[in-house]
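So the structure is just underneath, and the comments pick up after that.
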Amino acid sequence: MTSNSDETFPPRVLVTKIGLDGHDRGSRIVAAFLRDAGMEVIYTSPWQEIDRVVRLALEEDVDVIGVSSLATDHLLVPKLMVALEDAGLGHVKVVVGGIVPDDDEADLVDAGVSKVFHPGSARDDIVGEVAALAAKARREREQENAS
Amino acid sequence: MTGSISGPAVQEQSLVKRMRAGELGALARVITELERLSKSAPQLLEDMAPFLGQAIVVGFTGPPGAGKSTLVNAYIGRLRAENKTVGVIAVDPSSPISGGAILGDRIRMSEHTGDDGVFIRSLASRGHVGGLSPAAVRIIDAMDASGRDVIIVETVGAGQSNIDVAEIADIRVVLSAPGLGDDIQAMKAGILEIADLLVVNKADLPDAERTYRQLQFALSLRRGGGDTSVVKTVATTGGGVDELAAKIAEIATAASRSPAERRRRRARQLLAWAVTDLIDQRIRKEGGPEVDRLCDEILTAELSPIDAARRLLGT
Amino acid sequence: MKNEAVQLPLPGFDTARAEWRSDYNEQLGDPPNPRNRSGIEVKPLYTLADWDPANYMDDLGFPGQLPMTRGIYATMHRGRSWSQRQLIGLGTPEDYNERLKNLIAHGSNAGSLIPCNSVYRGYDGDEVDPLLLGTCGAVVNTVEDMGICYRDIPIGDFSTALNDPSPFTLLALLLCVAKRRGIPWNKITGTSNQSDYISHFVCNHMFFRLALPGARRVLLDHIVFAQKHVPGWNPLSVVGQHMQQGGATPGEAMGLTLSTAIQYANDCVARGLDPDQFLPRFTFFFDISISFFEEIAKFRAGRRVWQRLVRERFGAQNPKAWRFKFHAQTSGVDLTREQPLNNISRVTVQAMAGIFGGLQSLHTDAYDEVLSVPTEKAARIAVATQEILKEEAHLTNVIDPLGGSYYVETLTNEMEAKILEVIERIDQAGGMFAAVETGLVQSMVGDSALAFQERVESGEETIVGVNKNLVADDDQMAREPLKPPSGEVIEAQLMRLKRFKAERNQEAVTRALDDLARAGESVDENVFGKIVEAADANATHGEICHRLREVYGFGEPLIVP
């Protein structure tokens, strides 16, 4: 069952950083892009623990989580994917943006990450992809609920 | 959805049950359904009805830079020490252009993220005239029905939005801080009228005493303002938070309303919002000969705007 | 600046200029002028109508003389070229030691130490997810680790830049290693590269370990300690790089950095220190973007503003106090993941801007920085780039070679105006400390970051390979990611830490940490002195940071989304 109001409601996106690095220029810019595209962005400080990200995603009922990683913190994302699944948030889509070596990208995708954005990604691509993923997340959740 | 009529109802009922049992995911889900007025919303509200009106709703408002989030954070800590469960609605403004929003208020409440006794939900004002989305009332209902003892509504910004929060909160706490001079002027205009409790935060700053005196002076001009307390706090260190909590509890006891009264009060605001929106739309977008005639009379000073409004509404 | 109306008594000038302009307009149709990153309009041609050489003595003077525009030393790069500082780090102290020796063999004459991100956050290796250990820098937690980093390296003859935020545990560990090797501290030279806690609070949050009041106190104690015990050490580097990497325009970054330096100098004065004594040890650290002339003008203007500030605001008499000494690093923000070998060209241009800007020390980025932690091959090319510019292109033969260029001088004046505007704004806000506490600076930097990105999105700023000249990526050979240390290596490192903790005199550690906490709570003791003592008692980096966090609070940056 997909209610009409659900579709007209803005996507809710959690923009966050996990691990140790604290550079947030990228996550701030992406948050502003998503806001300017009409989305509602829950923004956090860096160094979120995985449990906290899961809790935030749950409380805020987000559709997409964007993890910014400029150092090597993306290595923790597979753990986040497992934790989300365990918390019953398997429908929430995860994207990673920042500096991710090619080999690691394949590992992230294997772990269930929907998309990795590299430096130089165009705004329209980011916005379009996140919007599409949010819609997908809502559909999947409705299906889970209905079943 | 299957053809079974009872199917969804059973499911929603169990959602309320799960929420009542403390399952955070269920509460988050109920909030979303109510917020978006999905098809299951009426059923959810019906299931929740017996549990509504129990929580105390405390509104925190004041100009940007006054330290609201930090004070709310400290107040939450105080409530948790008393073993009270808390729900927080953190409101940030939506972009008037895109309708999107960056919700960053809860950053300063992150220490409570791991505590099941605290549930925080960020809410965008979503372009509502008053700055507070009507969805706030429904989120309060969800948190209320889940059994939270205290629900905090934190709104950013000065002016109209602050007055909105007044209508849906049982207790209105209005903050200021030294160095926000212009905003005190703005506060005098309306917000002081609705405060049950005034707070001078950042009371360790040199100018705090001046702000304190300004507020007291402003209160002295207000009808019945003499009964309103002004509390000094330093949210970053927790200074004065005990007194703040005690005052809030005191006011809550004095004003004890029945659950039905509390809910009706919130519903009244929903109605007022809806009426305002409707009339606004009728006058601005639809117009019509009667509106045109009244406008002309306002322009020629035959009628004051308020008299014209009375005539329009037939009161 | 519109100087078109200036009347010059130069015969034929006006006629010739009008003729040129009409030719120009005829061919290009009088298009609008572009603006540089700092928002300054850039004209197609500059002449003496824009900058009059009659102002030579006021605007330029001579190298080593006021107003310092042409450089802080009489000889500049003729006398001493810049120090080549390469940021290196990775994995274990053994890895670091090996790469350091390798870089020295390839021409580096000074080294910097980048610790692992876990160290930056103030943790020991046994407190973080092992997956992240040693992936970004060297894991250095103990005196033993530091000793291995500098094994067979003569600490006393080698200048070291420590990327070591407050509370400066790495310097404490280094001093302990020197002490144990019998090297007197007055032989130790180098810089605390990351002492600028304000820039960490605003932009480089990872380095922000202690809450603001604690960071402020420990910095001052560290300056006082160095002045007394390690006179060859530069205890303060004010880091404009973080501001610019965070999004500030070059003009803003320079203005904010100078405002930060004013704040620190004011704090030193309040502590009773003599500006003529502490100012000569102030150093700066900047980003060099690819906006070539803008960067050159930024450095020249910054030099000119600084000498004026120290003389007017602090009454500095000592000519050494007027010197604006800076290290610069080519900007990683300009590097692209697409066609990464293009980055070698970018770094070359950036490095040239820094050299023409009169830097004292240079780090050139490796082309693959944007792909992963730099590989050894890429780091070698980065060093070679500096040598090519120096030895083959002979960029060091002439001091301030662009001085007197109508464009560069005009731009230098315009950048100076931008810088002064920022300083004025921060003054109005009550100084840098107040301006970062309220989030004013964070908002400025964030707004500029977004504005720049909008320029890229709209195509106003071209980035080859990203929004222009898109080609199939043929640089696969450039993408050989550096392998993070293996699980066994990290395990061995953690075992060493465990053994170190087990074998030390625990009582002495406890006593030293208690002492440290007491000093932190006192008003008159030197906290940094106690940090050195704790390190000497074999307390670890993490233990020292935690103890100080108990006293001062955990460093939480102010996030302004």
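List of remarks:
- Surface share of carbon and sulfur [accessible, 1.4 angstrom probe, percent] for segment B:267-313: 59 percent
- Overall form of segment A:9-146 per C-alpha gyration tensor (a/c, 1.5; a/b vs b/c): rounded
- Whole-Å distance, taken between Cα centres, linking segment A:91-147 and segment C:251-273: 44 Å
- Excluding same-chain neighbours fewer than eight residues apart, the aspartates and glutamates reachable from B:LYS232 by a Cα-Cα span under 15 Å are B:ASP196, B:ASP204, B:ASP207, B:GLU209, B:ASP242, B:GLU243.
- Positive end of the dipole of the protein assembly as shown (Cβ unit charges, origin at the Cα centre): among C:LEU341, B:LEU278, B:SER125, the Cα lying farthest that way belongs to B:SER125.
- Centre separation in Å (Cα based) which lies between segment B:135-156 and segment C:173-211: 49 Å
- The dipole here belongs to segment B:267-313: it is taken about the Cα centre, uses +1 on the Cβ of Lys and Arg and -1 on the Cβ of Asp and Glu, and is about 260 debye.
- Summed over both chains, the contact between B and C buries some 300 Å² of accessible surface at a probe radius of 1.4 Å.
- Prolate/oblate/rounded call for segment C:400-474, Cα gyration tensor, a/c under 1.5 rounded: oblate
- Positive-end residue of A:LEU20, A:VAL82, A:GLY120, charge dipole of segment A:9-146 with Cβ unit charges: A:GLY120
- Charge dipole of segment A:9-146 (Cα centre as origin; +1 on each Lys and Arg Cβ, -1 on each Asp and Glu Cβ, all else neutral): 460 debye, rounded to the nearest 20.
- Charge dipole (debye, nearest 20) of segment B:190-315; +1 at Cβ of Lys and Arg, -1 at Cβ of Asp and Glu: 460 debye
- Shape summary of segment C:253-407, radius of gyration then Dmax from alpha carbon positions: 17.4, 54 Å.
- Residue-wise HN-Hα couplings along segment C:34-48, as the Karplus relation 6.51 cos²θ - 1.76 cosθ + 1.60 with θ = phi - 60° gives them from phi, are x, 10, 7, 5, 7, x, 8, 5, 10, 8, x, 8, 10, 9, 6 Hz; Gly and Pro carry x.
- All-pairs alpha carbon distance profile, segment C:206-287, 10 Å steps from 0, percent: 17, 47, 32, 4
- DSSP-defined beta bridges in the protein assembly as shown - what % are antiparallel, rounded to 5: 5 percent
- Solvent-accessible area per residue for chain A (1.4 angstrom probe, square angstrom): 35 Å²
- Whole-Å distance, taken between Cα centres, linking segment C:366-391 and segment C:539-557: 35 Å
- When accessible surface is computed with a 1.4 Å probe, chains A and C are found to bury approximately 3000 Å² between them, both chains counted.
- Per-residue ellipticity at 222 nm from helix content only, as computed over the protein assembly as shown with -39500 (n - 2.57) for each DSSP H run of at least four residues, stands at -15000 deg cm²/dmol.
- Dimensions of chain C from C-alpha coordinates, computed as largest minus smallest value along each principal axis and given longest first, are 86, 58, 46 Å.
- Within the accessible area of segment C:262-383 (1.4 Å probe), percent carbon and sulfur: 52 percent
- Averaging 1/r across all pairs of distinct Cα atoms in the protein assembly as shown and inverting the result yields a Kirkwood radius of 31.3 Å.
- Accessible solvent surface per residue of segment C:307-357, calculated while the other protein chains remain in place, 1.4 angstrom probe, Å²: 34 Å²
- Solvent-accessible area buried by A and B, counting both chains, probe 1.4 angstrom, square angstrom: 2900 Å²
The values are calculated or read from the model by the stated rules, or taken from the named source; none is laboratory data. Bear in mind the structure is a predicted one, so any value in this text is a computation, not a measurement. Every residue, glycine among them, receives a Cβ derived from its backbone with ideal geometry; neighbour counts consider all protein chains shown. Accessible surface is based on the protein model in full, side chains and every heavy atom, while ligands, DNA and RNA are left aside. Shrake-Rupley method; radii C 1.70, N 1.55, O 1.52, S 1.80 Å.
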